[in-house]
Amino acid sequence: MGEFDGKVVFITGIARGQGRNHALRFAREGASIIGIDIAKPVTEYATYEQATEDDFHETVRSVEEAGGKIVARIGDVRDSAALKAVVDEGVAQFGSSTSSSPMPASAHGAASGRCPTTSSKSSSTSISRACSRPSRLRHPR
């Protein structure tokens, strides 16, 4: 039995990085995942590789392979209709017992404020800091 059995989490930026990591961790802990990602470059100034549609589909496949349930769509978090559509679809499929609350999209997921931690005896690393720390883009000066 996982810590998040019966819960639904909403994660933005799900295609790679923290978003993907959160989706996989929550899925392994029993949560159903609702996710969105633009899955294409959003700025020419990013100093890191930006998400692609292949990344997006890999996240969906990985969550399902881990035994998780997921409703994920390619969309822009700046588009409130796209956000509403994916959340409505996820709630229709999983029910409304969510563990999430509204958070800025830049927080990349884990809107519940509770993040699964590793259970390995050799590591007590928590991903909770990553759940609450917004990502930053480096802009030219």
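The values are calculated or read from the model by the stated rules, or taken from the named source; none is laboratory data. A quick note: this is a predicted structure, and the numbers were derived from the prediction, not measured. As a convention, Cβ positions derive from the backbone with ideal geometry for all residues, glycine included, and neighbour counts pool all protein chains shown.
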Given the residues V9, V71, V87, which is the only one that is in contact with a helix residue (DSSP H, G or I) (Cβ under 6 Å, 6 or more places away or on another chain), touching a residue at least 60 places away in the same chain (Cβ under 8 Å) and of a type in the set (V, I, T)? V9
All positions within segment 29-83 that are in a loop (DSSP other than H, G, I, E, B), of a type in the set (A, V, I, L, M) and touching a strand residue (DSSP E or B) at 6+ places or on another chain (Cβ under 8 Å): A31, I38, A39, A51, V77
H57 meets each of (1) touching a residue at least 24 places away in the same chain (Cβ under 8 Å); (2) more than 16 Å from E89 (Cβ to Cβ) with one exception, condition (1)
For F26, state whether it is crowded, with 17+ Cβ neighbours inside 10 Å, in a strand (DSSP E or B), of a type outside the set (S, T, Y) and within 13 Å of the chain's Cα centre (by Cα). no
From the residues in segment 8-23 that are part of a helix (DSSP H, G or I), of a type in the set (G, A, S) and touching a strand residue (DSSP E or B) at 6+ places or on another chain (Cβ under 9 Å), which one is nearest to I70 (Cα to Cα)? A23
So D37, is it more than 25 Å from S96 (Cβ to Cβ) and either surrounded by 24 or more Cβ atoms within 10 Å (Cβ to Cβ) or in contact (Cβ under 8 Å) with a residue 12 or more places away in the chain (or both): no
Looking only at segment 91-110, decide whether some residue is over 20 Å from E3 (Cβ atoms), at pLDDT 95 or above and crowded, with 16+ Cβ neighbours inside 10 Å. yes
